[in-house]
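Report on the following structure.
The values are calculated or read from the model by the stated rules, or taken from the named source; none is laboratory data. Bear in mind the structure is a predicted one, so any value in this text is a computation, not a measurement. Here the Cβ positions follow ideal geometry from the backbone for every residue, glycine too, while neighbour counts run over all protein chains shown.
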Amino acid sequence: MPASKKDRIYLQRPTHPGDFVFDEAVAEVFEDMITRSVPGYEAVHRLVQVVARKFVTEGSSVYDFGCSLGAASFAVCQAVPQARVDILAVDNSQAMIDRLQQRLEGMHSDARIKPVCADITEVDIQNASLAILNYTLQFIDPARRDSLIRKIHSGLRQDAALLLSEKVKYPDPDEDALMQSLHESFKQGQHYSALEITRKREALENVLIRDTHEQHRARLHRAGFSRVHVLVQYLNFITYIAIK
Ligand code: GEK
């Protein structure tokens, strides 16, 4: 994959609360932005491979919901190079989907990845052996999260899996403040300045809305998943596997 441009968006751009959007400027620097902002991002994609090898079955579909530039879809492809499988990479940002499409064309890469520009709450899901929702549920209107998870559950085959990664909130305000400040310290270590960190936090206000671990666990069980496990936690970022 071509190296992403360095994320300097919030060095240059003053923000207003809640004005973060996944536009062309974000898509252009996205890989650099997410790798430097989300602790464990690359490890989670290695985990996608581990999970894909175990769950992806012949003749099934895989859904990468909120795929951005397709990192999870590419990880699935690498994990199951021979499997006959459709990988639906869904995102409602046209800028992300255009870039994913260019990558697929430029690399003559896997025809199994099918980019779809759509809202994940409106996409049908069928015959899935694996659904991936990596750092995307947190951008969905909280009132629509239950029905989205129920829809994913009903579109999965029996014994299939949902991999869910999210930034979580802590019910105890002191613990939440500690985790947030450790996350900011992580970002400083990735060479984001204090100004960039503050501006990004303001821009994400009411755009990235975190649930608690307990809310995620309860929602997954309510939707019908029989087993829910934490696979990774790094600061306030958790990856769950939920099995139908
Ligand atoms: C990765 N999973 O690299 N429908 C479709 N897509 C949406 C919606 C929606 N309603 N809302 C937001 N998105 C990726 C990273 S990024 C996470 C996911 C982050 C999309 C949005 O356009 C963006 O591409 C993605 O969800 C969230 O593993 O930037 O923190």
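For the stretch 32-45, name all the residues that are in a helix (DSSP H, G or I) and either in contact with a Leu (Cβ under 6 Å, 6 or more places away or on another chain) or within 21 Å of Ala83 (Cα to Cα) (or both).
Initially, the stretch 32-45 is screened for residues in a helix (DSSP H, G or I), giving 32-37, 41-45.
Listed by number, the list holds a single entry, His45.
Here's a check for you: in the stretch 163-191, which residue that is of a type in the set (Asp, Glu) and within 16 Å of the ligand (Cβ to nearest atom) is farthest from Leu130 (Cα to Cα)?
Per the stated criteria, the residue is Glu184.
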Within the stretch 216-242, the residues that are surrounded by fewer than 17 Cβ atoms within 10 Å (Cβ to Cβ), within 18 Å of the chain's Cα centre (by Cα) and away from the ligand (no atom under 15 Å from the Cβ) are His229, Val230, Gln233
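Can you tell me which of Ala194, Ala203 is of a type outside the set (Val, Ile, Thr), within 16 Å of the ligand (Cβ to nearest atom), modelled with pLDDT under 95 and touching a helix residue (DSSP H, G or I) at 6+ places or on another chain (Cβ under 8 Å)?
Numbers: Ala194 fails: within 16 Å of the ligand (Cβ to nearest atom).
From the options Ala194, Ala203, the qualifying one is Ala203.
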Log entry, pairs with first residue in the stretch 84-100 being over 26 Å from Gly59 (Cα atoms), second being β-branched (Val, Ile, Thr) and outside any helix (DSSP H, G or I), beta carbons closer than 9 Å, six or more apart or on different chains, reads Ser93/Val21
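In the stretch 33-77, which residues are small (Gly, Ala, Ser) and over 14 Å from the mean Cα position of the chain (by Cα)?
Of all residues in the stretch 33-77, those small (Gly, Ala, Ser) come to 37, 40, 43, 52, 59-61, 66, 68, 70-73, 75.
Within the stretch 33-77, Ala52, Gly59, Ser60, Ser61 meet the criteria.
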Over the stretch 134-153, the set of residues on the phi > 0 side of the Ramachandran plot and either in a helix (DSSP H, G or I) or surrounded by fewer than 19 Cβ atoms within 10 Å (Cβ to Cβ) (or both) is none
Being within 9 Å of the ligand (Cβ to nearest atom), farther than 26 Å from Glu196 by Cβ and either part of a helix (DSSP H, G or I) or in contact (Cβ under 8 Å) with a residue 24 or more places away in the chain (or both) narrows Val48, Val76 down to just Val48
Just one listed residue, out of Asp98, Asp7, is in a loop (DSSP other than H, G, I, E, B) and either surrounded by fewer than 13 Cβ atoms within 10 Å (Cβ to Cβ) or of a type outside the set (A, V, I, L, M, F, W, C) (or both), and it is Asp7
In the stretch 88-124, residues that are more than 13 Å from the ligand (Cβ to nearest atom) and of a type in the set (Val, Ile, Thr) total 1
Only unsatisfied item for Pro81, checking (1) free of Cβ contacts under 8 Å to residues at least 40 places away in the same chain; (2) part of a helix (DSSP H, G or I), is (2)
